[in-house]
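What follows is a set of notes on a single structure, which appears directly below.
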Amino acid sequence: MSMNGQLRKDCLPAQEDVAFFAENGYWISPIIFSEDELAEIVAHQDRLYRGEYETGKAPVCNWLEGQDNPRALRKTDNSHWSDLTLRNVAVNATIGGIAAALMETETIRLFHDQLLYKPGRGTGKETANVGWHQDYAYWQCCAGPTLITAWVAFTDVDLSNGCMQMVPRSHQWGLLNVNDFFEQNLEKQQQAMDIPENEKFSTVPVIMKAGQVSFHHALTIHGSGPNTSDQARRSMAVHLMTGETKYKYDAKGNNHFNAQMMNGREGEIYEGDAWPVLYTAKNEL
């Protein structure tokens, strides 16, 4: 499968889409991945959960069948290390081109990926919510919020199966005081947030068909509710950065595996094989 190879210019955002992202901090693409591609992606996702690593290299962390809680949210960091089909999603050229347009930059690199699986309720009580958070709160090893996330839907997503919800304009509020990916009480979080004056906390559900990709800025507040359907919600969060993103030492941020790979190189750009280029404007000339 060559899903990462060619830039699909028909999927790139128009000028008004770029303006929408600048104002609201998120945008939703047309369908990028076909049904056949998604079927192969899902099959390879399940291989990872069985501990089958095509490349022989394990991801940073992974949910494993027979060992971990089947009712929990599954989060695999850097699945692209372990599986070539999943790598093709993480380094997809069209995703890179869209991210470059929205961030108004010439180069987009992969920061890391997160393979996600939110189980359906079944007979369990767990909801596997994702608490309100800004991605940049976890990326303090970067000198600035020059990052964007592409969230690839492997299945149709809506409120019934716990689609993401965005808070428009929140990327303009700076880094807030409440950020917890694993918090289950979203209402409690909202009440504790220090929202700027003259701003309003309102949410927009990101409803998508399988194969679509949503994009959000590293400071955009987002989260998701329970999956009340019978089927799992499957996706990959492809965390991306501009070509100018630099490492910054931070006591908390230095726990991130990307910071550890920078090995104290303060002020240097994240570049090299660990952070592959998805898109560069030079290649489009």
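The values are calculated or read from the model by the stated rules, or taken from the named source; none is laboratory data. Please read these numbers as outputs of a predicted model, since none were measured by experiment. Here the Cβ positions follow ideal geometry from the backbone for every residue, glycine too, while neighbour counts run over all protein chains shown. Side chains are part of the model used for accessible areas, which takes the heavy atoms of the whole protein and leaves out ligands, DNA and RNA. Shrake-Rupley method; radii C 1.70, N 1.55, O 1.52, S 1.80 Å.
Straight-line reach from residue 246: which aspartates and glutamates have Cα under 15 Å away, leaving out those fewer than 8 places along the same chain?
Partners within reach: 266, 268, 271.
If the cut-off is 19 Å between C-alpha atoms, which lysines fall inside it for residue 9, apart from same-chain ones fewer than 8 positions away?
The qualifying lysines are 282.
Identify which of 67, 114, 212 has the largest mean-square fluctuation in a Gaussian network model of the chain, with springs joining Cα atoms closer than 10 Å.
Top of the fluctuation ranking is 67.
For 215, 257, 20, give me the order by solvent-accessible area with a 1.4 Å probe, most accessible first, ignoring ligands, DNA and RNA.
20, 257, 215
Whenever you get a sec, line up 32, 195 from highest to lowest accessible area (probe 1.4 Å, protein heavy atoms).
195, 32
Rolling a 1.4 angstrom probe over the protein heavy atoms, how many square angstrom per residue are accessible across segment 9-155? Walk me through the numbers on the way to the answer.
Numbers: 5670 Å² over 147 residues.
About 39 Å² of surface per residue is accessible.
Peptides 90-101, 50-61: what's the order by average Cβ count within 10 Å, highest mean first?
So the order, starting with the most tightly packed, is 90-101, 50-61.
Calculate, in nm to one decimal, what residue 10 and residue 197 gain on full extension: separation in residues at 0.36 nm each, minus their alpha carbon distance.
Computed gain between residue 10 and residue 197 is 63.4 nm.
Heavy atoms of the protein only, probe of 1.4 Å, neighbouring chains included. What is the accessible area of residue 249 in Å², nearest 10?
130
Could you work out the relative contact order of the chain, using alpha carbon pairs under 8 angstrom and six or more residues apart, expressed as a whole percent?
So the answer I get is 28 percent.
Based on alpha-carbon centroids, what's the gap between segment 188-243 and segment 152-166 in Å, whole number please?
A separation of 9 Å, based on Cα centres.
Just need the relative contact order of segment 1-143 here, percent rounded to a whole number, with Cα pairs under 8 Å and 6+ apart.
Value for segment 1-143: 27 percent.
Of the heavy-atom accessible surface of the chain (probe 1.4 angstrom), what whole percent is carbon and sulfur?
With neighbouring chains kept in place, the figure for the chain is 47 percent.
Sorting 112, 217 by accessible area (1.4 Å probe), largest first, what list results?
217, 112
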